[in-house]
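This report refers to the structure that appears directly beneath it.
Please treat every number below as a calculation from the coordinates, not as lab data. None of the values given here were measured: they were computed from a predicted structure. Here Cβ is always computed from backbone atoms with ideal geometry, including for glycine, and neighbour counts include all displayed protein chains.
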Amino acid sequence: MAFRPPGEDPKEFLSKMIVGDVVMAHRPGDAMKKWRELFHITQAELAKKMGVSPSVISDYESGRRKSPGTKFVKKWVRALLAIDEERGGRLIMELSRLERLRGNAILDMREFPRPVSAGDFCETIGAEIVACREEAGRPIYGYTLIDSIRAIESLSGWEFLQIFGLTTERALIFTRVKHGRSPMVAVRISMLKPGLVVMHGARPDDLAVRLAELEKIPLAYVRELGFEELLGALRALYARLAGIKTV
């Protein structure tokens, strides 16, 4: 996830981020649908705000119509943000809350343009699933890479919820884990539950496995990768799903 430069208005930053995500996407229609659904806006609502036919939105999202130009995408984003503001600015405020965590506990955060199964996600980063293997088919829509020590030291209960980004159906990856249970204890007492928990640094102990089974959350352990290798694997996965060519 990109972070807002100091002094930049959150709404303006969010607008630029969404425009860039759509324009640079391998399949812009998929990106447009993803953002519209994240804002919980129907095609009809968005079309009405833009002054176009709902079929225009549908055609772009399905790929039946040629990829939209930057001018159309900017108008489309303005409509998304306007509807969000009319509803109280939920997503804009969420971005602002996430920004407070910049440079602290969150090391990386990405939203996937399309889901990947928990099992495939773990295979990509060399992680072994040690609890709830039957849930390996669960869709994962993004990930948050967390410094577990900083999270424990600096995040309040409310701020901990912000690590979920735009969807709870994501992987929470805890690095610098010293004891094999602390991430699952934090997840156990949290109101929101992730789609997958991954530990990096210490193998999950028996209590962590039991907690994961109780919550029915797949729990995995990165066996061999160092931090930089793990980060590289995560970003390579994001690039593959987003259709971004890497050198």
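So the values come out like this:
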read-out	value
Net +/- balance of residues flanking Arg203 in space, Cβ distance below 10 Å, scoring K and R +1, D and E -1	-1
Net charge of Cβ neighbours under 11 Å - reference Arg114; Lys, Arg +1; Asp, Glu -1	+2
Using θ = phi - 60° and Karplus 6.51 cos²θ - 1.76 cosθ + 1.60, couplings along the stretch 65-72 (whole Hz; Gly, Pro as x)	10, 3, 3, x, x, 4, 4, 5
Amide H contacts of Ala131 (H built 1.01 Å from N, under 5 Å, at least 5 apart or other chain)	Leu219
Greater than 29 Å apart at Cα, pairs in Lys74/Lys193; Lys16/Lys178; Lys34/Lys178; Lys178/Lys216; Lys75/Lys193; Lys16/Lys49	Lys74/Lys193; Lys16/Lys178; Lys34/Lys178; Lys75/Lys193
Amide proton proximity set for Leu107, modelled H, under 5 Å, gap of 5+	Leu145, Ile146, Asp147
Two-site FRET efficiency, His179 against Val52, from Cβ-Cβ distance with R₀ of 35 Å, rounded to 0.05	0.05
Two-site label geometry, Ala82 and Asp108: point separation in nm, points 7 Å out along Cα→Cβ	3.8 nm
